[in-house]
1. Of the residues Asp56, Asp26, Asp68, which exhibits the maximal mean-square fluctuation in a Gaussian network model of the chain defined by a 10 Å Cα contact cut-off?
2. Whose amide H sits under 5 Å from the amide H of Glu109, counting only residues 5 or more places off or on another chain, with H placed in the peptide plane?
3. Taking springs between alpha-carbon atoms closer than 10 angstrom, which of Lys155, Lys128, Lys67 fluctuates most in the Gaussian network model of the chain?
4. Can you sort Thr9, Thr90 so the residue with the fewest Cβ neighbours within 10 Å comes first?
5. So how long is each side of region 65-120 along the principal axes, counting just the alpha-carbon atoms, biggest first, in Å?
6. Hey, could you grab the Kirkwood Rh for region 16-76? Inverse mean 1/r over distinct alpha carbon pairs, Å, one decimal.
7. What residue among Arg112, Arg20, Arg162 has the largest mean-square fluctuation in a Gaussian network model of the chain, using Cα springs under 10 Å?
8. Going by how many other beta carbons lie within 10 Å of each one, how would you line up Met40, Met1, Met158, fewest first?
Amino acid sequence: MVELFEILTYPNEFLKKSSRQVENIDEDIQLIIDRMAATMYHAPGVGLAAIQVGIDLSIIVYDISAKDEEPDLQVLINPVIVESSGSTVTENEGCLSVPDLQANVKRHEFVRVNALDRHGNSVQLEAKDLLAIVLQHEIDHLNGVLFIDRISSLKRNMYKKRVKKQIKRNERKKA
Ligand code: CO
């Protein structure tokens, strides 16, 4: 069993950082991927970007298999959306770094993504439906963007206030 990472949550400033390209897919990267996968399954979540665990490298893991199916871990390194089209609104999108909030988010219906797999092989994905949404959400993380950056400012501000209150409440408990 590999060690789990701690997941950073909003308003941690690190989440706004852009991730760096992975230059060399070495043993350290393999361990990061294994720990990211374990952290994602433990949470549990559908996807996780390295920046969410405090590592500013362009790596994402995800698993969109249904609950009654075998796990199907996917790993993408240096993923880039090279083409996108159509428009859709996701229902109740959420994020491990944005606890206790789900919102509808405008996304592209289709994306084409170029990336490397964990062995350094080039992969090109054509995605629609849930996969397209997960890829857009995770690749946003690599650019320092959270899904709350894509919702109405009214909803975003309500969430910000709620988090501020929660932080104050926790500080009072500690004091
Ligand atoms: Co997320």
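1. Answer for the Gaussian network model of the chain: Asp68.
2. Close amide H contacts, sequence-distant or interchain: Ser85, Gly86, Ser87, Thr88.
3. Looking only at Lys155, Lys128, Lys67, the largest GNM fluctuation is found for Lys67.
4. On the way: Thr9 15, Thr90 20.
In increasing order of surrounding Cβ atoms, one gets Thr9, Thr90.
5. 35, 30, 23
6. Working: mean 1/r = 0.0829 Å⁻¹.
Over region 16-76, the inverse of the mean reciprocal pair distance is 12.1 Å.
7. Maximum fluctuation in the GNM of the chain, among the listed residues, is at Arg162.
8. Details: Met40 25, Met1 4, Met158 13.
Ordered from fewest to most neighbouring Cβ atoms within 10 Å, Met40, Met1, Met158 come out as Met1, Met158, Met40.
Computed from the coordinates by the stated procedures, all read-outs in this text should not be read as laboratory data. Computed from a predicted model, the values in this text were never measured in an experiment. In this analysis, Cβ positions are derived from the backbone assuming ideal geometry, glycine residues included, and neighbour counts consider all displayed protein chains.
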